[in-house]
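All remarks here apply to the structure that follows.
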Amino acid sequence: MEKILKIAQKGDEGVRLDAFLSASGQWSRSRIAKLFAQGFLRLNGERPQKLGLRLKEGDRLELEIPQPQPLRAEKTEMAIPIVYEDRDLAVINKPRGLVVHPAPGHGADTLVNGLLYAMEGELSGIGGELRPGIVHRLDKDTTGLLVIAKSDRAHLALSAQIKAREAAREYLALVEGNLRQGEGSVEAPIGRSPKDRKKMAVVRGGRWAKTNYRVLERYKGTCLLWLKLETGRTHQIRVHMREIGHPVCGDPLYGRQGSGVKDCPLMLHAAALSFTHPASGERMRFEAKAPEDFQSVLERLTRV
C-alpha cells in the first residue's frame, strides 16, 4: 500500500479537495473518487464528508494507493460467433458490449475468457497471458470481425500484414452531419489526449494515422460511411471523424451532446476483413452484416 501526503499551501486555499489532488496529473478525478469511496483518503486525519470541500492553508491530505490486483485470464463458457476456423486461425464476429481482453473491471467476461474455454491450448502466446491469440482488437461497443491467431507463426504473420497494410479492415459507420465530399481521407497523428487521459486525440507528436472513407447513403442530419483503415490506432475512426466535425453517432466519448441520432448505440461496425492466410497463402475475405440494433437505427432515418 503506497501512502501519499500532501499539505495545502496558501495558494491552495479555496481549491476543491479533488481538484487539488488531480492537479499533479498522477490521478484522474474519477480515480480519486473511487479511492474516496473506498475510504483511502484522509483530511487532517479524518475521512472527509465530500470531495467538494474547499481547502485551507495547512490542511493535510493523506491518500493511500492500494496495490493493483493481478489479472488472470480464466476460462469462461460463452457463446462466441465464429465465422471461420481452421488449425491456424479463427475469425470472430464480435457482438456489442463484449470486451476483447481482461482489464480492471473485466476479469472473466471478455472474448479472451471465452476463447480460452472454446479453444483450449489452441491460441498463440505472443500476446501474453491476458491477450492470447489477439492480433488486433475492437472497442467494447464496436461490433464486427476480428481475426484470432491459434499459433505463434500465424500471429506473427498476421501482425506483419497489418503493420505493412497488407491486411484490410473495413468498417460501416453512421456519422453526424453530411460530408461534402463523396469520398476522401483523414490523415492526422493520434495520441493520448492531454486534457483527458481516457481519450485519444489528434495531437502534435502523435502516431501517424490515416482513415479513408466513402459515403454510402445520405440521411437527414447523418450519413452512412464505408471506411478503410490504413493504420490501427486506438479509437482511430472515432477520433478522426470527430476531428473533421462528423463524430460517429452514439459515441459517448467523442460525440457531441444532444446532436445526431437520439437513443442509438455506437454506430460503428467492422464489416469486412481481408488477409493472406499465413499457412496456405490464400487471400481470404470475410464480411459481416451490421447487427440488428444498427440496422434498426438506419431504418428509422429519412434519406435525402
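All of the numbers you see were taken from the coordinates with simple rules; none came from a lab. The shown structure was predicted, so the numbers you read here are calculated from the model rather than taken from an experiment. Cβ atoms come from the backbone with ideal geometry, glycine included; neighbour counts cover every protein chain shown.
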key: Theoretical gain in end-to-end length, ILE4 to GLU57 [0.36 nm per residue, Cα-Cα removed]   = 17.3 nm
request  = Mind checking which lysines have their Cα closer than 23 Å to the Cα of LYS3? Skip sequence neighbours fewer than 8 apart in that chain.
outcome  = LYS34, LYS50, LYS56
key: Which of PRO291, PRO102, TYR219, positive extreme of dipole for the chain (C-beta unit charges)   = TYR219
query = So what does the Cα-only Debye profile of region 2-65 read at q = 0.15, 0.20, 0.29, 0.30 Å⁻¹, as log10 I(q)/I(0), no solvent term?
reply = -0.37, -0.69, -1.57, -1.66
task = Compute the relative contact order of the chain as a whole-number percentage, counting only Cα pairs closer than 8 Å that sit 6 or more residues apart in sequence.
result = 14
remark   = Note on region 188-269: C-alpha Rg/Rh, Kirkwood Rh, two decimals, gives 0.96
ask   = In cubic angstrom, how much convex hull volume per residue do the alpha carbon atoms of region 167-304 span?
value = 124
Cross-link pairs beyond the 24 Å C-alpha cut-off, checked among LYS199/LYS289; LYS228/LYS262; LYS140/LYS195; LYS75/LYS140 = LYS199/LYS289; LYS228/LYS262
inquiry  = Taking the Cα centre as origin and putting +1 on Lys and Arg beta-carbons and -1 on Asp and Glu beta-carbons, what dipole magnitude results for region 2-65, to the nearest 20 debye?
reply    = 180
Distance histogram in 10 Å bins (all Cα pairs of the chain, percent per bin) = 6, 22, 26, 23, 15, 7, 1, 0
task = Give a quick list of GluC sites (Glu not before Pro) in region 220-304 that DSSP marks as loop, anything other than H, G, I, E or B, with at most 13 other Cβ atoms within 10 Å.
result = GLU282
inquiry  = If I take every Cα pair under 8 Å that is 6 or more residues apart in region 81-223, average their sequence separation and divide by the length, what percent do I get for the relative contact order?
reply    = 18
message = Using the Cα centre of region 2-65 as origin and beta-carbon charges of +1 (Lys, Arg) and -1 (Asp, Glu), tell me which of GLN9, ALA23, GLY58 is placed farthest towards the positive end of the dipole.
response = ALA23
